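Input: a single structure, listed below in structure tokens.
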Amino acid sequence: MNEEAALRDRALAVIPSGMYGHQSIRYLTPDYPQFFSKALGTRLWSADGQELIDFMAAFGTNLFGYGEPSIEAAAWAQSTAGDTMTGPSPVIVDLAEKLVSMVSHAAWAIFCKNGVDANSMAMVCARAYTKRKKILIATGAYHGAAPWCVPSDAGITPEDKANNVYFEYNSVESLEAALKANKGNVAGVYATPFRHDVFADQTLPSAEFAQAARRLCDEHDALLIVDEIRTGLRLARGSSWDVLGVQPDLSSWGKAIANGYAISALLGSEKIRAAASEIFVTGSYWFSAVPMAAALRTLELAQSTDYLEKTIRLGELFRAGIAEQASRLGIGVRQTGPCQMPQILFEDDPGAKRGYAWANEAVKRGVYLHPFHNMFINAAMTDEDIHQALDVTEEAFKASLNTRVLA
Ligand SMILES: *Cc1c(COP(=O)(O)O)cnc(C)c1O
């Protein structure tokens, strides 16, 4: 029996359903490896030793390549000095200063571990500031896996989500109607910098929508919370809505900011400082210094390199290659959103069956794509990686024409 199969059997005995979360291959196909023994640069190695070009970047947490030497060196140096201690290391101040200097609306930072910690803290902060209950969330948006926002019903009570009000992303009318219907009760409005829901085309917000969100929040004395957890450092070296002239009150960060080290952050503007000083928030590992040192080095790299321009250029190269292959082979695909965060869906594809078949053929041939979640172009990728991946995507398109519907 191979290693992967043995691990799956053992996992089934001791881990519910064999694996949890979106990292479970039950949301993919059996040809995807569930376990990885190694990651380096732009490559993953499965437990069975298969080498894969990774287009998921650990669901967006990796930006500069796995094991980027200068980030690893910073983490290692901090690790020898001290990681989780009885209180924070001085690096917490360096990191807060760095983020505040990079993110225009931010005057302060609180660090935590996961994206959802930052989003939950944003909610508590908004309620402390406004003394109100309701929060507005775009339908279909992912903000994490806490009871108030998890996109699942199992084990969740209506009360957990009783203060959520939903609106349609990119619709000024819908947002305005939701605010009016809950007048005097809305603490905050969550928005991601663009719409990146699973199984859906990605859509950029209109400037009108983003600006209306700011204006309407001001009119209703509600806080604007921008969830940068997936987009942070992928669209800009600071706040993603700067280009639209919109400054949020709070923004949540995670994923790429420490190149895979476990840290997230809530950033806030001056006017929220007092409320943020009142709330009680903490966690045993929230002061861990190694991820902070890694984040500091990651942010320095973001400021001092052309990584962003590079991921855009490589994303364009990949997108153009996919478009050319699909049109030559007569396959309808839709590629949406920023090209450095590619979302590739097939036309006429309920349940993403064609997408699954294509991604399945690609993973068998050594390219890890995702059939329904946006992917990530890693800054460590090269032109050669993209060309190598495109050779595989073409073969996968051809092969998947015959195996469209998986059992
Ligand atoms: C991943 C993600 C989260 C949750 O982050 P975790 O670290 O998984 O808790 C929240 N919001 C967005 C937009 C995300 O992509």
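The values are calculated or read from the model by the stated rules, or taken from the named source; none is laboratory data. Remember, predicted model here, so these are calculated numbers, not experimental data. When we count neighbours, we look across all protein chains shown, and the Cβ atoms used for this are built from the backbone with ideal geometry, even at glycine.
A count restricted to segment 224-269 and to residues that are of a type in the set (Ser, Thr, Tyr) and assigned to a loop (DSSP other than H, G, I, E, B) stands at 4. ALA380 passes every criterion in (1) assigned to a helix (DSSP H, G or I); (2) touching a residue at least 60 places away in the same chain (Cβ under 8 Å) apart from (1). Consider TYR20 carefully, then state whether it is assigned to a loop (DSSP other than H, G, I, E, B), within 16 Å of the ligand (Cβ to nearest atom) and among the hydroxyl-bearing types (Ser, Thr, Tyr). Yes.
Note on segment 129-149: residues that are within 15 Å of the ligand (Cβ to nearest atom), in a loop (DSSP other than H, G, I, E, B) and on the phi < 0 side of the Ramachandran plot total 9. For first residues located in segment 279-291 and part of a loop (DSSP other than H, G, I, E, B), partners that are modelled with pLDDT of 95 or more and among the small types (Gly, Ala, Ser) and lie 6+ apart or on another chain with Cβ distances below 7 Å form the pairs ILE279/ALA128; PHE287/GLY87.
Among residues of segment 152-195 being free of Cβ contacts under 8 Å to residues at least 40 places away in the same chain and part of a strand (DSSP E or B), the one that is farthest from the ligand (Cβ to nearest atom) is VAL165. The condition of being under 25 Å from ILE377 (Cβ atoms), part of a helix (DSSP H, G or I) and not small (Gly, Ala, Ser) does not hold for VAL198. The sole residue among GLY21, GLY87, GLY49 that is out of contact with any strand residue (DSSP E or B) (no Cβ under 6 Å at 6 or more places or on another chain), exposed (fewer than 14 other Cβ atoms within 10 Å of the Cβ), more than 30 Å from ALA162 (Cα to Cα) and not assigned by TED's automatic domain parsing to the domain that holds VAL165 is GLY49.
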